[in-house]
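Q: For reference, the structure I am asking about is given below.
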Amino acid sequence: MHRILGFSLLLFLFLGSFSFAQVDQKFLMQSTQSYLNATQAKDWKSVLEMMNPKIFNYAPKAMLEQMYKQMENDSGMRFNYSEIEILRIKTEFILADTSYIPVDYSMTIQVHVNPKLYKNPDDIRLLHQGFEKTYAGQEVVFDPVNSRFSIDLKNTLIASSAQNSQLWYFSEYKANDPLLSYILPIEVMNRLLAGWN
């Protein structure tokens, strides 16, 4: 009888833990979707609210907001974000009192170039090289008929949250971004570089 009760209690605890994990992942999925939706809508204020706050130690929020606004008002280029999809939520890594979870996603970025301002092939070539550097490892294609760059992006967001909190913050993972090592702990960076097993 005691064995049955003990087994039932263990089963209850296991299933209880499993259901909590499902709820957390569902909430993370919703938070990630909100972040990506804000990006698609170019709602930069909301995007900045959901960014990992450590970023603002190195690039102040007001400066980033101004940069996004200038990008939107640039008469030479217009960015559009579409076909956003969450591909995979990876395993959780807990360090001190914080959870870290990589979330793979895909997105199509189209950059419409004003042909009156970018008339020369050299201008387009320099832009092409710039996008290839910014989106390293992603295919960048230029459509000369529509004066448009297309980037089919597959990348990873690093979601972080204090333990027992449902408030998630995001940072974009780029292996060649030196700023990331100041934002994320070395243990997290090492796991990312190793493929997050």
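Q: Could you tell me whether I55 is under 15 Å from the mean Cα position of the chain (by Cα) and not in a strand (DSSP E or B)? Before you say what the answer is, go through the steps one by one.
A: On the way: under 15 Å from the mean Cα position of the chain (by Cα): yes; not in a strand (DSSP E or B): yes.
In short, yes.
Q: Quick one: how many residues across segment 132-171 are in a strand (DSSP E or B), among the hydroxyl-bearing types (S, T, Y) and within 25 Å of P53 (Cα to Cα)? Break it down stepwise before answering.
A: Step one: list which residues in segment 132-171 are in a strand (DSSP E or B), which gives 140-143, 148-162, 169-171.
From what is left, the residues that are among the hydroxyl-bearing types (S, T, Y) are 150, 156, 160-161, 169, 171.
Okay, now just the ones that are also within 25 Å of P53 (Cα to Cα), so 156, 160-161, 169, 171.
Here the count works out to 5.
Q: Only one of (1) surrounded by fewer than 15 Cβ atoms within 10 Å (Cβ to Cβ); (2) modelled with pLDDT of 95 or more; (3) aliphatic (A, V, I, L, M) is not met by L10, so which one is it?
A: Just one mismatch for L10, condition (2).
Q: Taking the criterion of being touching a Gly at 6+ places or on another chain (Cβ under 9 Å) and assigned to a strand (DSSP E or B), would at least one residue in segment 117-127 satisfy it? Break it down stepwise before answering.
A: Filtering segment 117-127 for residues touching a Gly at 6+ places or on another chain (Cβ under 9 Å) gives 117-118.
Still in the running and assigned to a strand (DSSP E or B): none.
No, segment 117-127 has no match at all.
Q: When you check G76 against the structure, is it open to solvent by 30 Å² or more (accessible area, probe 1.4 Å) and either among the small types (G, A, S) or touching a Lys or Arg at 6+ places or on another chain (Cβ under 6 Å) (or both), yes or no?
A: Numbers: open to solvent by 30 Å² or more (accessible area, probe 1.4 Å): no; either among the small types (G, A, S) or touching a Lys or Arg at 6+ places or on another chain (Cβ under 6 Å) (or both): yes.
Against the criterion (open to solvent by 30 Å² or more (accessible area, probe 1.4 Å) and either among the small types (G, A, S) or touching a Lys or Arg at 6+ places or on another chain (Cβ under 6 Å) (or both)), G76 does not qualify.
Q: For segment 115-134, enumerate the residues that are without any contact (Cβ under 8 Å) to a residue 40 or more places away in the chain, open to solvent by 40 Å² or more (accessible area, probe 1.4 Å) and either closer than 15 Å to K174 by Cα or aromatic (F, W, Y) (or both).
A: Within segment 115-134, E132, K133, T134 qualify.
Q: Listed residues L179, L184; which is touching a residue at least 12 places away in the same chain (Cβ under 8 Å) and open to solvent by less than 30 Å² (accessible area, probe 1.4 Å)?
A: Working: L179 fails: open to solvent by less than 30 Å² (accessible area, probe 1.4 Å).
Only one candidate passes the filter, namely L184.
Q: If you take the residues of segment 54-81 that are out of contact with any helix residue (DSSP H, G or I) (no Cβ under 6 Å at 6 or more places or on another chain) and either of a type in the set (K, R) or under 20 Å from Q30 (Cβ atoms) (or both), which of them is modelled with the lowest pLDDT?
A: K69
Q: Hey, another quick one. Could you check how many residues of segment 81-109 are open to solvent by 50 Å² or more (accessible area, probe 1.4 Å) and either within 20 Å of A41 (Cα to Cα) or in contact with an Asp or Glu (Cβ under 6 Å, 6 or more places away or on another chain) (or both)? Step through it out loud before you land on a result.
A: Of all residues in segment 81-109, those open to solvent by 50 Å² or more (accessible area, probe 1.4 Å) come to 83, 85, 87-88, 91-92, 94, 96-97.
Okay, now just the ones that are also either within 20 Å of A41 (Cα to Cα) or in contact with an Asp or Glu (Cβ under 6 Å, 6 or more places away or on another chain) (or both), so 83, 85, 87-88.
Adding up the residues that qualify gives 4.
The values are calculated or read from the model by the stated rules, or taken from the named source; none is laboratory data. All figures in this text were calculated on a predicted structure; none of them were measured in a lab. Every residue, glycine as well, gets a Cβ built from its backbone with ideal geometry; the counts of neighbours run over all protein chains shown. The protein model used for the area step is the full one, side chains on, heavy atoms only, and it has no ligands, DNA or RNA in it. Shrake-Rupley method; radii C 1.70, N 1.55, O 1.52, S 1.80 Å.
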